[in-house]
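What follows is one structure encoded as structure tokens, with my remarks underneath.
Derivation of every value follows stated rules applied to the coordinates shown; laboratory data play no part. Given the structure is predicted, the values throughout are model-derived calculations rather than measurements. So basically every Cβ, Gly included, is an ideal-geometry build from the backbone, and we count neighbours across all protein chains shown.
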Amino acid sequence: MDAKKVRKFVMQYAIYIVLVLLIVVIAAQNPEFLSINNLRNILIMSSTRIIIALGVGGILITQGTDLSAGRMVGLAAVLSASLMQTLEYSRRFYPDLPLVSIFVPIVLCILVGAIIGFFNGVVVSKLNVPPFIATLGMMVIVYGINSIYFSLPPNNSQPIGGLREDFTALGTGYIGPSGPYSIPYIVIIALAVTVLVWVLFNKTTIGKYLYAIGGNPQAAKVSGINVVGVLIFVYTFAGAMYGLAGLLEAARTGGATNNYGNMYELDAIAACVVGGVSTSGGIGTVPGMVAGVLIFSVINYGLTFIGVNPYWQQIVKGLIIVFAVAFDIAKYYVKK
């Protein structure tokens, strides 16, 4: 294999090479890191982050961004938790509310997220407000709404707990016998969402339009693509994903506060960029986005596992983000 082929291979599969190298380096420090139980824990930690990143990733492909993602996750977490408390819990959010079906918060969170995402899409595509500003404003609005709801009596801004087992099972339940070889529900849900998004991006007309708009919005518009409609769909779909992720996060942790989801959007954007989603739009793959999330999960979990100071973890993450963007720009100039 000549140098040119090696370079092409490295550029094409850099994200996966980095992921493998991280695992190898951490395992060299402590071989127990490669235990099935640890790898399972990493997948559980990554599941909601993957769903959020897949929502953000579609927007980034269109040359947009979404800073409201984390706050939407927090709103969904609080909404679902407030409806899923046991009757015996002493500090119920709704003291007189009878037991409701678990499908109620699922539908409600996805719907609320989709509605907020729809408004983001309208502001960006119809009013021509830059995505950074539009979603920054929505981030503040959603956090305000969530905080008002969270502070309603009798809750009065207290952490919401006492969640029902049938609800928390979404985040902590599993298929198979108890142990490291069991398959968590939350991982199955994340996998199903990943497959759905892959099909959407790669096998549908809307997916083709996403990449066309990200590559050249004006050319896409001239070619007859309904740019406004596609952008509204992308933001709406992403909002629905954030709603689902927020519900799963509440189920996984067994509670919620109005600060849930804080900065999740930056982690998602970073994971997408590291995973090969171009900062100039039009480029990005679902496997790359998932790999980007896994890289950060391995850093967080793995470096903690071998006793590395959390502050060093932040430095490592920052360096990876900077090099990923530099690598993306280098690839752009090589193609040009």
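Which of rounded, prolate or oblate describes the stretch 52-201 when judged by the alpha-carbon gyration tensor and an a/c cut-off of 1.5? Oblate is the answer for the stretch 52-201, as a/c is 1.5 or above yet b/c matches or exceeds a/b. Put in order of Cβ neighbour count within 10 Å, fewest first, the listed residues ARG49, ARG7, ARG92 become ARG7, ARG92, ARG49. Toward the positive end of the charge dipole of the chain, with +1 on the Cβ of Lys and Arg and -1 on the Cβ of Asp and Glu, the farthest Cα among ALA212, GLY292, ALA77 is that of ALA212.
Assign one of three labels to the stretch 3-335, namely rounded, prolate or oblate, based on the Cα gyration tensor with a ≥ b ≥ c the square roots of its eigenvalues; rounded applies when a/c is under 1.5, prolate when it is not and a/b is larger than b/c, and oblate otherwise. Here the stretch 3-335 falls in the oblate category. From least to most packed, judged by other beta carbons within 10 angstrom and beginning with the fewest, TYR260, TYR13, TYR174 follow the order TYR13, TYR174, TYR260. Highest average first, the peptides 273-285, 64-76 ordered by how many other beta carbon atoms sit within 10 Å of their residues are 64-76, 273-285. Rounded to the nearest 20 debye, the dipole size of the chain about its Cα centre is 1060 debye, using +1 on the Cβ of Lys and Arg and -1 on the Cβ of Asp and Glu. For the chain, the membrane-span-like helices by this rule, meaning whole DSSP H stretches whose C-alpha atoms cover at least 20 Å of axis and whose Kyte-Doolittle mean is 0.0 or above, are 3-29, 36-61, 69-83, 103-125, 131-150, 185-203, 227-253, 286-305, 310-335; this says nothing about an actual membrane.
Distance between the pseudo-spin-label points of MET11 and THR279 (7 Å out from Cα toward the beta carbon): 1.8 nm. Taking the charge dipole of the stretch 3-335 about its Cα centre, with +1 at Lys and Arg Cβ atoms and -1 at Asp and Glu Cβ atoms, the residue from ILE175, THR65, GLN313 reaching farthest to the positive side is THR65. Its relative contact order, with pairs defined as Cα atoms under 8 Å and 6+ residues apart, puts the chain at 33 percent.
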